[in-house]
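Please treat every number below as a calculation from the coordinates, not as lab data. This is a predicted model, so every value here is computed, not measured. Cβ placement follows ideal geometry from the backbone for every residue including glycine, while neighbour counts extend to all protein chains displayed.
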Amino acid sequence: MPASHALSVRGTAVQMLQDGSGPPLLFLHGAGGAGRWLAFQERLAKDFTVYFPSHPGHGGSPAAEWIEHISDLAFHYLDLLDQLGLARAHLVGASFGGWIAAEMATMAPRALKRLVLAGAMGIKPEHGEITDQALLSYIDYARRGFADQAAFDRIYGAEPLTSQLEQWDLNREMTFRIAWKPYMHNQTLPHLLGGLATSTLIVWGRDDRIVPLECGERYAKVLARARLQVIDGAGHCVEMEKPGEMATLVSGFLTEA
């Protein structure tokens, strides 16, 4: 079982799970994935020391009034790395957490060893669109993240608990505060990523109905040292839906010469 830590990062309270041994790896969750240590994290902890904080306003971490933009979250996590004394850590971000990770990489590339972006938001598609969660109920949006609804049921239950619905409500409030206009992207991010030399793995579910595969292709195009891996039979929450396949890809990438 992972250890749970209550931290204060420059006065901002953070709840964090930690387990494993080996090189440090910071995992940043999607908007709905706070505080759940699942099979993906368990697999990674066999090869890495996994640090898994909850974003402010998500899971066990209370909201922070000063956080109003995605760049604020990026600076927050760079401060966390510094406080933990983690130099050259691997960074893995999923969905909303992938966007934060991408922003961090543009700000402090030397603080990171390798970067993994899974279904990352942050780049606007040229043809499709990122699903607007304001148009869906909490549960419908969460289910939309899975290609196989049985995988959703295994994690959240066929009828999610009221406490889970309430948490999704709080998560959505914080997400809108940070990423409403423009919705779930930063127009300058593709230009900033163009100068990034960090080796990057981009992972996407073939059946992602939240963030189009086109966004993964755009990430791969603008990043100088990136490759795109598409996982069949997976939706947006690829690390939850295909944890074994995802963990194998990530571990192989992070340990290759």
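A few notes on this one:
- Exposed GluC sites (Glu not before Pro) absent - longest run of the chain, DSSP non-H/G/I/E/B, at most 14 other C-beta within 10 Å: 130-255
- Note on residue 46: lysines with a C-alpha under 30 Å away, same-chain residues under 8 apart excluded, are 113, 242.
- Expressed in units of 2.2 N^0.38 Å, where N is the residue count, the Cα radius of gyration of the chain is 0.91.
- At the listed q of 0.12, 0.14, 0.17, 0.19 Å⁻¹, the Debye profile of segment 1-123, built from one uniform point per Cα, gives log10 I(q)/I(0) equal to -0.37, -0.51, -0.78, -1.02.
- Choice from 145, 235, 60 showing the highest fluctuation, given a GNM over the chain with Cα pairs closer than 10 Å: 60
- Each part reduced to its alpha carbon centroid, segment 179-257 and segment 89-126 end up 8 Å apart.
- Extension gain for residue 170 to residue 68 (0.36 nm times residue separation, less C-alpha to C-alpha distance): 35.2 nm.
- In sequence order, segment 143-150 has phi-based couplings of 5, 5, x, 10, 6, 9, 5, 5 Hz under the Karplus curve 6.51 cos²θ - 1.76 cosθ + 1.60, θ = phi - 60°, and Gly or Pro positions carry x.
- Over all pairs of different C-alpha atoms in segment 109-224, the reciprocal of the mean inverse distance, the Kirkwood hydrodynamic radius, equals 15.8 Å.
- Taking the helices alone, the chain has a mean residue ellipticity at 222 nm of -11000 deg cm²/dmol, built from -39,500 (n - 2.57) per DSSP H run of at least 4 residues and averaged over all its residues.
- Here the chain carries DSSP beta bridges of which approximately 35% are antiparallel, counting only pairs with both residues inside.
- Cβ crowding within 10 Å ranks 43, 206 as 206, 43, fewest other Cβ atoms first.
- In this entry, segment 7-52 is assigned a mean projected area of 3.4 nm², taken as a quarter of its C-alpha convex hull surface.
- Charged neighbours of residue 77, selected by a Cβ distance under 14 Å, balance to -3 (K, R count +1; D, E count -1).
- Distance (nanometres) between label positions extended 7 Å along Cα→Cβ at residue 257 and residue 87: 2.5
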